[in-house]
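Below is one structure, written out as structure tokens, with a few remarks after it.
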Amino acid sequence: MDFGLFREFEKRNYIPNNTNIYYAYEMLVEGLTVLCHNKGTEPNWLDCYDKIVDWLKNNKGKGIMVRGDMGTGKSLICRDIIPRILYTKDENNNQYFVNSYDAYDLQRTPTEEMCLRNFVILDDIGVEGEYNHYGTKRNIFSEIVDYAEQHNTILIITSNLTLEQIKEKYGTRTFDRLKALVADVKFTGSSMRNRKGGNGIPKRHRAFGVDFGTEEEAAEFEREQNLLRDYVKGGYSDIEIYDKKEWYEKQPFRIFKGHAFAIYKYKQEEWNNRDWQNDPDRIKYLKGDFYDKQ
């Protein structure tokens, strides 16, 4: 079979390219902890990692470009941890497919082969040299950006270059297309390589993936969510048909007029217009007296 440049593979995997990893924080923390311990270093959490969590929860159809100094965790997170997180299957047994390359692979791998998967990781962009193909100079990274734009491929890029350096190296045209395809995230902080100490992973008061200021608030929210789930499982209320995926992922729900809705699929102003706090079903499951009737 002859695959020309930019020609589509016959068996391309058309899995939706929107990330929906609700427990991204927990997964990212676990990945940092395991991999850092394997390397003999202590895991640390930088504030900029929160932007990676937000992207994993909902990338809004865009890729991500992580820039910053060496040792801030760019490759560790994007090359080593994100592929494991994206491999998570949903309740329909679908999974995200990822190809991962370092910059030097750009000269050895056909562009269309790199972009066969839904997500393509390009680590340390900017260190690759010029590629000369039978006397013709080719800018492989620019070709990948063009291909990704044409085929809805999500790019995950790391680089030590500044935005100005990227623009100078690859040209204005590629730079403008890249800005439209990826969210730009800057990692800042001192190098964590070989670090034996540090602040570690900050303790967060979390319940059902939601952050709270105190342990008591988190415990109260967890209690309410567990009561809600028992109420639904007991047949006293239904799950909104379009929110079943979120239910199986144990995302937080609210009940309104006999149906349980995933909180974060609906805008806050929509909830403000609903009297869900005084909903009869909510009052019943908060009291817990429905247990006696099961």
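The values are calculated or read from the model by the stated rules, or taken from the named source; none is laboratory data. For clarity, every value in this text was computed on a predicted model and none was experimentally measured. No Cβ is skipped: glycine too gets one built from the backbone with ideal geometry, and neighbour counts run over all protein chains shown.
Of everything in the range 221-256, what is within 28 Å of the chain's Cα centre (by Cα) and of a type in the set (Ser, Thr, Tyr)? Give them in sequence order.
Passing the criteria: Tyr242, Tyr248.
Among (1) part of a loop (DSSP other than H, G, I, E, B); (2) modelled with pLDDT of 85 or more; (3) within 10 Å of the chain's Cα centre (by Cα), where does Tyr22 come up short?
Against the list (1) part of a loop (DSSP other than H, G, I, E, B); (2) modelled with pLDDT of 85 or more; (3) within 10 Å of the chain's Cα centre (by Cα), Tyr22 comes up short only on (2).
When you check Glu270 against the structure, is it within 24 Å of Tyr23 (Cβ to Cβ) and surrounded by fewer than 15 Cβ atoms within 10 Å (Cβ to Cβ), yes or no?
So Glu270 fits the description; yes.
Identify, please: which residue in the range 160-174 is of a type in the set (Ser, Thr, Tyr) and out of contact with any helix residue (DSSP H, G or I) (no Cβ under 7 Å at 6 or more places or on another chain) and is, among those, nearest to Glu128 (Cα to Cα)?
Only one residue fits best here, namely Thr162.
Quick check on the range 201-220: of everything there that is at pLDDT below 85 and not in a strand (DSSP E or B), which residue is nearest to the chain's Cα centre (by Cα)?
Gly209
Name the residues in the range 139-159 that are touching a helix residue (DSSP H, G or I) at 6+ places or on another chain (Cβ under 9 Å) and part of a loop (DSSP other than H, G, I, E, B), would you?
Asn139, Thr153
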